[in-house]
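These notes are about the structure you will find just below.
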Amino acid sequence: MNDCIFCKINAGIIPSPKVYEDDEMFIINDIDPKAIKHYLAIPKKHFKYLADMTEEDSKMVGRMLKKIADLAPSLGLEGGYRLCVNQGDDPGQTVPHLHIHVLGGQKMDFPKL
Ligand code: 5GP
Ligand code: ZN
């Protein structure tokens, strides 16, 4: 097991209830929410950057986007949502495991993370 927080959450080593899970992704609540609804959609495969993706990884991330869209009404995101993927230092990526922020439940200024 590597030292990655999200890999440890996936393995159950760090507790964080999964609001959704399948064989390739899971969704948790962000521990420090920046909106009324703030989820993290996380692939089970560990990689940091979109640039690291194989062709199959990019298809898997496409399926993640579809799953987020399908789940949105049941996640309290009937009013819409914002997706954000921080990549690298300038936007302030803190966890080196790709994740999609899913924000909503309120009107949002831009940028507001
Ligand atoms: P980044 O800044 O890398 O785009 O986003 C990382 C996110 O992970 C942050 O919004 C942070 O609040 C969240 N986070 C960090 N550690 C944990 C944790 O242990 N549990 C949960 N649920 N979220 C975490
Ligand atoms: Zn990881």
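Worth a mention:
- Length released on extending from residue 50 to residue 36, taking residue separation times 0.36 nm less the Cα-Cα span: 2.3 nm
- The HN-Hα couplings worked out from phi for segment 38-52 by the Karplus form 6.51 cos²θ - 1.76 cosθ + 1.60 (θ = phi - 60°) are 9, 10, 10, 9, 10, x, 6, 6, 7, 7, 8, 10, 3, 5, 7 Hz, whole numbers, x standing for Gly and Pro.
- Accessible area expressed per residue, the chain, with surrounding protein chains retained (probe 1.4 Å, Å²): 58
- Using alpha-carbon coordinates, inclination of helix 55-71 to the longest axis of the chain, degrees: 30
- Global geometry of segment 29-80, whether rounded, prolate or oblate, following the gyration tensor of its Cα atoms and the 1.5 cut on a/c: oblate
- Separation between Cα centres of segment 59-97 and segment 37-56, rounded to whole Å: 9
- Per the chain, cysteines lacking a partner by the 4.7 Å Cβ criterion: 84
- The charge dipole of the chain, taken about its Cα centre with unit charges on the Cβ of Lys, Arg, Asp and Glu (plus for the first two, minus for the last two), comes to roughly 300 debye.
- Per principal axis, descending, Cα span of the chain in whole Å: 38, 31, 29
- FRET efficiency estimate (nearest 0.05) - Cβ-Cβ, residue 18 to residue 78, R0 22 angstrom: 0.55
- Gained length - residue 107 relative to residue 65, 0.36 nm times residue gap less alpha-carbon distance: 13.0 nm
- Sequence of 5, 28 from largest to smallest accessible area, 1.4 Å probe: 5, 28
- Share of carbon and sulfur in the accessible heavy-atom surface of segment 1-99 [1.4 Å probe, %]: 54
The values are calculated or read from the model by the stated rules, or taken from the named source; none is laboratory data. None of these values were measured; they are calculated from a predicted model. Here the Cβ is made from the backbone with ideal geometry for all residues, glycine too, and neighbour counts use every protein chain on show. The area values use the complete protein model at the heavy-atom level, side chains included, leaving out ligands, DNA and RNA. Shrake-Rupley method; radii C 1.70, N 1.55, O 1.52, S 1.80 Å.
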